[in-house]
Amino acid sequence: MKLQFLLVRYLANLQFAVALLLTIASFSVIGSIIEQDQTQEFYRNAYSQPWFGIFNDTLILRLGLDHIFRTWWFISLLILFGTSLTCCTFLQQLPILRSARQFKFYKARQNFKRLPFNTKTDAITNGSLITSLKSKDYQIFQGFKGVYAHKGIIGRISPIIVHFSMVLILLGTILASTSGFVAQEFIPKTEVFYIQNILNNNVNSYVPQISGRVNDFWITYTENQSIKQFYTDLSILDKNGKELKRETIYVNHPMRYAGLTFYQTDWAIIGLRAKFENSLPYQIPIIKSTKNIWLSWLPKDVNNKNMTEQPSGYTLLNTTLRGTSAVYDQNGTLVGEGEINEPLPGNTNIQLCDYITATGIQIKSDPGIPVIYVGFLLLLVSIVLSYLSYSQIWLTQQGNQTILGGMTNRSKIKFEFEMLNLILQFQKV
C-alpha cells in the first residue's frame with residue numbers, strides 16, 4: 001500500500017508531468033515535420049540521406065515515426081500524462097479547493113501580521129461591516145472571535161477544470177488514434193457508391209455499411225476562366241435505396257451524417273458521350289489523363305460504331321467542363337474546337353453530347369473530435385474563471401479598535417484599494 005501511495009504521489013509530481021508534456025510535444029513536432037502515413041518507397045526516397053544525421057528511412061520505419069500518433073508508445077505517453085493529471089487533481093487540487101471552502105477566525109495579532117494586507121482602525125459595528133461587505137459580494141461568516149468573509153471561490157475551481165479538460169483532450173486524441181478511418185471514393189455522376197477504398201484505418205475502426213448517390217456534379221469558373229468552386233449534389237441512402245439525407249457539398253463545406261463527414265476533394269473527366277449520325281450516344285473513354293488534362297479518341301468512320309480496327313480518327317483534348325474540346329486529326333493538327341450538342345469540326349456526322357465526370361469524395365470518421373471539442377470548451381471556461389480573484393478578509397475587535405486583514409491570489413493592487421475604501425467608509429460612519 002505504501003509503495004502504491006508513493007507511486008501515485010510520484011505521478012502527481014509537477015516536474016514529472018512537465019517532463020511528460022515536453023516529451024509529447026517533442027514527438028508531436030517530429031510528427032509534424034516527418035510526413036505521416038506515406039508509402040515505404042516514399043521514405044526510402046525522401047530520407048535516403050539522414051535528416052539531421054539521425055533520421056533515415058530505416059529508423060523512421062522501425063520506430064513508427066511514419067505514423068507517430070498511432071504508435072503504441074505515443075498512446076502510452078498520452079495515457080501516462082492523463083494519469084498524472086488525474087493523480088494531481090485528487091492529491092493537490094481537490095484538497096486546495098476543500099481547504100478554501102473551510103474557514104477559521106483570527107483573533108491574535110500575530111495571525112493578522114502574517115497577512116499581506118493588515119491594518120487597524122476605530123471600532124466598527126458588525127451591522128455596518130456586514131452591510132459593506134455584502135455590497136461587495138462577499139460571503140460572510142460571524143463568530144464570537146470575529147468576522148471572516150470571502151468571494152470568488154469559483155476561481156479556485158479553474159485548475160480542476162483545466163486538468164479535467166486536458167484529460168478529455170487526451171482521451172479524444174487516443175480515440176482518434178485508435179478508431180475512425182479515412183476513405184477516398186471517385187464516383188461517376190448519377191452512380192451509387194459504398195465505402196470501400198479505405199486509405200487509413202485503426203485497430204478499433206468501424207466502417208458502416210451505408211451507401212450514397214452522386215445526383216449531380218458541376219463547376220463554376222471565374223472571369224479569367226480559372227476554377228472558382230466545384231460542387232456535388234450528394235444523397236445518403238438506406239439499404240432499400242430510400243434517401244435519408246441530401247445536401248450539396250463543396251470545398252470547405254462538407255456534409256455530416258451519423259458520425260461521418262463527406263468532403264469534396266477532387267474531380268475528373270472519365271469519358272465523353274458522342275453520337276454517330278442519328279444513333280444512340282456512345283460512351284468514349286479517356287485514354288490518357290494528367291493533372292487537369294484529359295485525352296480521348298473518336299474514329300472517323302461512322303460505320304465503325306464499335307470503334308475497333310480503325311486507324312484514323314480524332315483526338316479530343318479537354319481541360320475544363322465549360323463545354324468545349326480541342327479537336328486534333330491523326331496528324332496532330334488542330335482541326336477546331338468541338339462544343340457540346342454541336343457537330344464535330346471537320347465531321348458533321350459526329351456530335352459531342354456530354355462529359356462523363358467523376359467527383360472525388362473523402363469520407364472521414366473521427367469519434368475523438370467531439371470529445372476534443374468539449375475539452376477545449378472547458379479549457380476556455382477555465383481560462384475565464386482563472387481571472388476571478390479569490391479574496392479573503394478577517395476582522396476582529398480588540399478593545400476600542402478593529403483589526404482588519406486580507407489576502408487575494410490576483411489583482412492585488414485592486415484588492416488593496418478595495419480594503420482602503422472599506423476602511424475609509426467605516427471611518428466616515
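The values are calculated or read from the model by the stated rules, or taken from the named source; none is laboratory data. All values reported here derive from a predicted model rather than from experimental measurement. Cβ placement follows ideal geometry from the backbone for every residue including glycine, while neighbour counts extend to all protein chains displayed. All accessible areas refer to the heavy atoms of the entire protein, side chains included, with ligands and DNA or RNA removed. Shrake-Rupley method; radii C 1.70, N 1.55, O 1.52, S 1.80 Å.
Observations on the model:
- With protein chains left intact and a 1.4 Å probe, residues in region 223-308 average 61 Å² of accessible area per residue.
- For residue 345, net neighbour charge (Lys/Arg +1, Asp/Glu -1) across residues whose Cβ lies under 11 Å away: -4
- The residues packed around residue 386, meaning those with a beta-carbon under 15 Å from its beta-carbon, carry a net charge of +2 if Lys and Arg are +1 and Asp and Glu are -1.
- Net charge of the neighbourhood of residue 222, taken over other residues with C-beta under 15 Å away and scored Lys/Arg +1, Asp/Glu -1, is +1.
- The simple Förster model, with R0 at 25 Å and r as the Cβ-Cβ distance, assigns residue 90 and residue 203 a FRET efficiency of 0.25.
- Using Cβ point charges alone (K and R +1, D and E -1), the dipole size of the chain about the Cα centre works out to roughly 3780 debye.
- Straight Cα distances below 27 angstrom link residue 288 to the lysines 189, 228, 275, 300, 305, with same-chain residues fewer than 8 positions distant left out.
- Nearest-10 value in Å² for the accessible area of residue 171, using the 1.4 Å probe: 90
- Normalised alpha carbon radius of gyration of region 335-379 [divisor 2.2 N^0.38 Å]: 2.70
- Relative contact order (percent, whole number), the chain, Cα cutoff 8 Å, 6+ residue spacing: 19
- Cα-only Debye scattering, the chain: base-10 log of I(q)/I(0) at q = 0.11, 0.13 Å⁻¹: -1.01, -1.16
- Computed lengthening from residue 229 to residue 424, 0.36 nm per intervening residue step minus Cα-Cα distance: 63.4 nm
- Percent accessible area from carbon and sulfur atoms, the chain, protein chains only, probe 1.4 Å: 56
- Taking 29 Å as the straight-line reach from the Cα of residue 134, the lysines in range (excluding those fewer than 8 positions away in the same chain) are 104, 107, 113, 120, 145, 151, 412, 414, 428.
- Applying both filters, DSSP loop and at most 15 other Cβ atoms within 10 Å, to the chymotrypsin sites (Phe, Trp or Tyr not before Pro) of region 373-429 gives 387.
- Prolate/oblate/rounded label for region 1-138 (Cα gyration tensor, a/c 1.5): prolate
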